[in-house]
Amino acid sequence: MAQSRILTVGTFFSEFVTNRRVTPMTGKLFGTTGVRKVYSEEFDLEMALNLGKALGTYVGSGSVVIARDARTTGLMIADTVTAGILSTGVNVIRAGIIPTPTLAFITMKHGFDAGVMITASHNPPQYTGLKFWSRNSMGFTAKEETKLEEIYNKKNFKVANWDELGKESRFEDSVEEHIEALLKRCDADAIRSKTFRVIVDPGNGAACVLTPYLMQRLNCHVVTINGQLDGHFPGRRSEPDEESLGDLIQMIKQTGADLGIAHDGDSDRVIFVTEQGEVIKGDRTIALLAQQAMLASKRGTVVTTVDSSLVLDETVRRAGGNIIRTPVGDIQVAIKVAESNGVIGGEACGVYIFPEAHLAPEPFLAVCRVLELMARTEKTFGELIATIPQYPIIRSKLECPNDKKESVMKSISETLPSKMRNVKEVLTVDGLGITMEQGWILVRPSGTEPIIRITCEGQTREAVEEILRTSEEVVRATIASA
């Protein structure tokens with residue numbers, strides 16, 4: 001076993017730079033993952049049609065599978081994208097409403113030439129968009145997105161003759177195939193023997209069609225809230241976190257459930273809630289699962305993003321592994337997992353990548369692995385996660401128009417470091433990162449929403465609150481004057 005080493009805040013960002021070789025996507029059409037925009041203001045059906053034509057032109061031949069989440073705009077956008085693809089002579093397989101991970105899974109399993117998910121992930125209901133997937137189950141890389149965007153902008157689309165148009169067909173069994181694959185990758189018998197009481201909150205999103213049924217197949221007593229598909233997201237906002245999961249927390253406390261499970265709109269994220277009603281940040285759960293993964297594998301590399309807690313680094317290093325950090329985005333994590341032969345990857349927002357399954361986010365396997373660990377150790381999730389320490393970490397976000405982000409970030413990079421005390425290092429590899437004796441801060445523009453995100457971590461709550469207060473003042477003033 002490698003000698004363990006505690007990663008201090010002073011080495012956090014320098015190690016990120018050392019391990020970083022992935023260039024963040026900077027195109028105007030694509031964000032952190034795919035295309036995500038407000039319908040009728042930034043996105044319309046002409047854009048959807050041309051994106052379909054661009055993808056068909058890029059693929060050239062073969063078949064593309066299309067699915068969607070529950071958003072109100074989903075069906076007509078799927079129809080329009082389908083028309084664009086068919087017009088290039090490429091076939092389309094329609095998979096209906098399924099989770100994004102299921103779409104990625106069947107794209108890989110059946111060897112489709114590409115997959116398209118009509119979704120805006122965790123964004124509010126007025127957003128819509130598309131995520132693109134390769135046949136290796138990984139989302140389109142920056143290079144692939146750039147090529148697709150070039151075709152889209154030039155509008156030099158392939159046009160098939162009337163008798164050479166693509167054909168449309170249906171795929172009805174994708175969820176069942178995904179569930180069967182998940183059951184084979186966990187100790188289903190051990191989980192079934194415990195008859196866990198589980199509360200599932202799909203947030204009216206795509207997980208409605210999968211997670212409750214997976215839990216039933218694992219012999220869990222399941223209660224579902226916000227379990228009907230509804231693109232208005234009436235139960236709660238689509239992003240699952242401590243603020244939005246009040247109903248789930250209350251129900252767990254009232255029923256004595258063993259575990260709470262919450263998803264976002266397209267179900268590429270999962271957040272866990274303990275039997276005591278504590279919402280657990282994703283990076284702590286990654287640390288817990290990484291420990292187990294390294295015990296079962298000779299591999300010891302764990303991949304996460306630059307905004308994850310230092311606790312993940314410390315936990316992995318104590319177990320004899322090493323951490324690689326990437327810019328924010330599950331595709332960035334997946335690329336590095338593949339390059340480094342990583343054992344697991346993930347993001348603090350609740351993304352988990354298990355390379356033995358595929359290279360897309362796999363929240364459902366994360367659920368299975370948590371239940372499996374509970375069954376084998378005969379410990380509650382609260383007891384298990386208590387072994388993973390936590391530092392005070394605060395995440396904040398401020399509204400900022402997309403067209404101002406570049407100038408705002410440039411100004412912040414020049415002014416914010418001078419407002420901080422005991423600065424050790426300033427880096428601009430993915431937003432603005434500042435390390436200080438008392439903690440670290442990351443300020444970066446969202447790639448999916450008109451906001452700027454601020455993440456602060458430190459050794460004490462007081463230090464973190466002071467860092468955040470100063471940062472918000474500078475960022476807010478900069479946005480106002482931009």
_Can you go through VAL279, VAL302 and tell me which one is touching a residue at least 40 places away in the same chain (Cβ under 8 Å) and either assigned by TED's automatic domain parsing to the domain that holds ASP430 or aliphatic (A, V, I, L, M) (or both)?_
VAL302
*Where a residue in the range 429-446 is at positive phi and its partner, wherever it lies, is at pLDDT below 85 and not in a loop (DSSP other than H, G, I, E, B), with Cβ under 9 Å and at least six apart*: GLY439/VAL9
*Consider ASN322 carefully, then state whether it is in contact (Cβ under 8 Å) with a residue 12 or more places away in the chain, closer than 16 Å to THR304 by Cα and more than 13 Å from the chain's Cα centre (by Cα).*
yes
*Sort through SER308, SER238 and tell me the only one that's of a type in the set (S, T, N, Q) and closer than 22 Å to LEU214 by Cα.*
SER238
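Taking the options GLY458, GLY447, GLY439, GLY433, name whichever one is touching a Gly at 6+ places or on another chain (Cβ under 7 Å), of a type in the set (Gly, Ala, Ser) and within 21 Å of GLN332 (Cα to Cα). Spell out the reasoning first.
Details: GLY458 fails: within 21 Å of GLN332 (Cα to Cα); GLY439 fails: within 21 Å of GLN332 (Cα to Cα); GLY433 fails: touching a Gly at 6+ places or on another chain (Cβ under 7 Å).
Testing whether each residue is touching a Gly at 6+ places or on another chain (Cβ under 7 Å), of a type in the set (Gly, Ala, Ser) and within 21 Å of GLN332 (Cα to Cα) leaves just GLY447.
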*Kindly indicate the residue of the range 147-164 that is of a type outside the set (Gly, Ala, Ser) and touching a Gly at 6+ places or on another chain (Cβ under 6 Å) and also nearest to SER63 (Cα to Cα) among those meeting that condition.*
GLU164
*What tally of residues in the range 158-174 results from selecting those that are of a type in the set (Phe, Trp, Tyr) and surrounded by 18 or more Cβ atoms within 10 Å (Cβ to Cβ)?*
1
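Yes/no per residue for (1) surrounded by fewer than 16 Cβ atoms within 10 Å (Cβ to Cβ); (2) more than 25 Å from the chain's Cα centre (by Cα); (3) over 23 Å from THR102 (Cα atoms):
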site: ASN156; (1), (2), (3): yes, yes, yes
site: GLU176; (1), (2), (3): yes, no, no
site: ALA188; (1), (2), (3): no, yes, no
site: CYS220; (1), (2), (3): no, yes, no
site: ARG237; (1), (2), (3): no, no, no
site: ILE249; (1), (2), (3): no, no, yes
*Out of all the residues in the range 108-140, which are surrounded by 18 or more Cβ atoms within 10 Å (Cβ to Cβ), assigned to a loop (DSSP other than H, G, I, E, B) and touching a residue at least 60 places away in the same chain (Cβ under 8 Å)?*
THR119, ALA120, SER121, HIS122, ASN123, PRO125, SER137, MET138, PHE140
*Mind listing whichever residues of the range 327-359 are closer than 20 Å to ILE106 by Cα and acidic (Asp, Glu)?*
ASP330, GLU356
*Being modelled with pLDDT under 95 and surrounded by fewer than 22 Cβ atoms within 10 Å (Cβ to Cβ), is that true of even one residue in the range 264-277?*
no
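Just checking, which of THR448, THR377, THR455 is modelled with pLDDT of 90 or more, polar (S, T, N, Q) and buried (at least 17 other Cβ atoms within 10 Å of the Cβ)?
The match here is THR455.
Hand me the list of helices (runs of 4 or more DSSP H) wholly inside the range 1-101 holding 1 or more residues that are modelled with pLDDT under 90 and within 21 Å of ILE331 (Cβ to Cβ).
Qualifying helices (runs of 4 or more DSSP H): 9-19.
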_Sole residue being closer than 20 Å to TYR391 by Cβ and of a type in the set (D, E, K, R), chosen from GLU465, GLU473, GLU406_ = GLU465
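The values are calculated or read from the model by the stated rules, or taken from the named source; none is laboratory data. Just so we're clear, the structure is a prediction, and the values are computed from it rather than from any experiment. Using ideal geometry, Cβ is built from the backbone for each residue, glycine included, and neighbour counts are taken over all protein chains shown.
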